[in-house]
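Take a look at the structure set out below.
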Amino acid sequence: LAPSVANLTAGHRDAWAAARQALARDATNRASLATVDAALFGVCLDAGHPAPLSMEERMAVFAHADAGANRWFDKAIQLVFLSDATMGVNCEHTPVDALTTARLLLGAAAKESGPYKDTRPCRDLAPPEPLAWTVDGDVARAIDAVRTDARALAANLRLRFGDAPLFGAQWIKAAAGASPDAFFQVALQAAYYAHHGQPAATYESASLRRFKHGRTETIRACTAETLAFSRAFADRDLPLQKKLRLFQQAVAAHLDLSRAAANGQGVDRHLLGLRAQIRDPDEAARAALFQDPAFARSSSFVLSTSNVTPGDRFRGAFAPVVPDGYGVCYALDKDDIKFGVADWLSSSATDAPGLRQSIYDTLAQLHEATTYAKEHGLM
């Protein structure tokens, strides 16, 4: 697979579509494109990265490497192997959601864990062959443009990772008496408020797989209850018992929203359906709800979050969905919480290292507060 052609998949969808059409005018290219399209997944063998790599550096390589030179970003699953024997996965969610690919990969990782065992080679597996490409001047210039843009985009992404070993699903259920997911989401709201002094529109994905062709719905995790708790938690003069009562109310509100979203009773996919039925600019201008500034602000998800539990075999990350936002990926194991925070370096409104520290501080304060409350019969 020619890395230069693979670079095109890192570009804007319209630019890649135009370049692909140009490539497909050649019979050799059409055959190579058909081979790539028919593959179940991609295998990326990366070399040349300095060792050792930090967690952030390794995740950046898995995500984009050299502007995607050794990635085919249209594939739903790409297995990335580095020369230091570490492995990562790059996933594209258009065909399937994260839950689908995660279940597949977790199952494979569980089956392959432990000491190496001799296995028989795959039967009838043809040896790999290089794919031939014919690249004209227009496509070559498109490749150069994509490389420039993709390198700038990759350099702009900042990733930070954290672990909270005092926590985990078991402790959260026993000590805090809360749903682990709701616990972390409420803690994240308090951490964001403590760091930025205001709430933020928040997206959490809920699975709609119980419905035919169901994908996801939005859990809008920033609620009046989480804001009340966040304000109270930052107020040193309020009694602990009141703070914990507000915490429990915020958790309950999050659970109600989560159940509604999973049962197809969310609002965002319904609104998306309405927007998709708008036929022309005149009708769009009459759709007052979609012109309302409050709607635009509430749908600009400064905090885009996803629960990828369990995290015992992998951890994930993804970029923010708005220029002044964060991508927060987390996994709740029975004994700890793993999380990642991403932002754009070009934004003066975000601070991934600072938000990570605020999450640490908030979790520590919640641990101290719930432990004290349990010991003194306050909850």
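The values are calculated or read from the model by the stated rules, or taken from the named source; none is laboratory data. Note that the structure is predicted; figures quoted are calculated from it, not measured. Heads up, the Cβs are rebuilt from the backbone with ideal geometry, glycines too, and the neighbour counts pull from every protein chain shown. Remember, those area values only see protein heavy atoms, side chains included, never the ligands or the DNA or RNA. Shrake-Rupley method; radii C 1.70, N 1.55, O 1.52, S 1.80 Å.
Some points to look at:
- In segment 153-194, the ratio of gyration radius to Kirkwood radius, Rg to Rh, stands at 1.14 when only Cα atoms are counted.
- Note on Lys374/Met87: beta-carbon distance plugged into 1/(1 + (r/R0)^6) with R0 of 30 Å gives a FRET efficiency of 0.15.
- Considering segment 251-335, its Cα convex hull presents a mean projected area of 8.0 nm².
- Straight-line cross-link partners of Lys212 among the lysines, defined as a Cα under 21 Å from its Cα and at least 8 positions apart when in the same chain, are absent.
- Summed over qualifying helices (DSSP H, 4 residues or more, each -39500 (n - 2.57)) and divided by its residue number, the chain shows a 222 nm mean residue ellipticity of -14000 deg cm²/dmol.
- Cβ-placed point charges (K, R +1; D, E -1), dipole of segment 234-333 about Cα centre in debye, nearest 20: 300
- Candidates Phe295, Phe41, Phe62, ranked by Gaussian network fluctuation over the chain, Cα under 10 Å, top entry: Phe295
- In segment 3-49 the Cα-Cα distances spread across 5 Å bins starting at 0 as 5, 17, 24, 27, 16, 7, 3, 0 percent of all pairs.
- Scaling against 2.2 N^0.38 Å puts the C-alpha radius of gyration of segment 42-182 at 1.36.
- Surface composition of segment 308-379: carbon and sulfur atoms hold 51% of the protein heavy-atom accessible area at a 1.4 Å probe.
- On the beta carbon distance between Ser300 and Ala27, with R0 = 51 Å, the FRET formula returns roughly 0.65.
- Value of Rg to Rh for the chain (Rh from inverse mean 1/r over Cα pairs, i.e. Kirkwood): 1.00
- At 1.567 mPa s and 4 °C, Stokes diffusion of segment 94-249 via Kirkwood alpha-carbon radius, µm² per second: 60
- Residues with amide H under 5 Å from that of Ala65, placed H, sequence gap 5 or more: none
- Rounded to the nearest 10 degrees, the angle from helix 240-262 to the longest Cα principal axis of the chain is 40 degrees.
- Heavy-atom accessible area per residue - the chain, 1.4 Å, Å²: 55
- Stretch in the chain that is longest and holds no trypsin sites (Lys or Arg not before Pro) that DSSP places in a loop and that have at most 11 other beta carbons within 10 Å: 280-379
- For the chain, a crude dipole built from +1 on the beta carbon of Lys and Arg and -1 on the beta carbon of Asp and Glu, taken about the Cα centre, is about 840 debye to the nearest 20.
- Full extension of the chain segment joining Ala15 with Asp280 gains 92.9 nm, where the gain is 0.36 nm per residue of separation less the Cα-Cα distance.
- Size of electric dipole in segment 108-189: Cβ of Lys, Arg +1 and of Asp, Glu -1, about Cα centre, debye, nearest 20: 380
- Considering only Ser179, Leu345, Ser299, and ranking their Cα positions along the charge dipole of the chain that arises from unit charges at the beta-carbon of Lys, Arg, Asp and Glu, the one farthest toward the positive end is Ser179.
- Accessible carbon and sulfur surface of segment 57-138 relative to its total accessible area, %, 1.4 Å: 58
- Expressed as a fraction of 2.2 N^0.38 Å, the C-alpha radius of gyration for segment 240-282 is 1.88.
- Segment 196-229-segment 25-78 distance, computed between alpha-carbon centres (Å): 32
- Separation of alpha-carbon centers, segment 301-379 and segment 141-161, rounded to whole Å: 26
- If a spin label sat at a point 7 angstrom from the Cα of Glu129 along the line to its beta carbon, the backbone N atoms of segment 1-42 nearer than 18 Å would be those of 1-2, 27-40.
- For segment 281-379, the Kirkwood estimate of the hydrodynamic radius, built from every pair of different alpha carbons, is 16.4 Å.
- Most positive-pole-ward Cα, Pro127, Ala60, Phe233, against dipole of the chain from beta carbon charges: Phe233
- Relative contact order of the chain, pairs being alpha-carbon contacts under 8 Å that are 6 or more residues apart, as %: 18
- Fraction of the pair-distance distribution of segment 90-159 above 19 Å, Cα-Cα pairs, percent: 71
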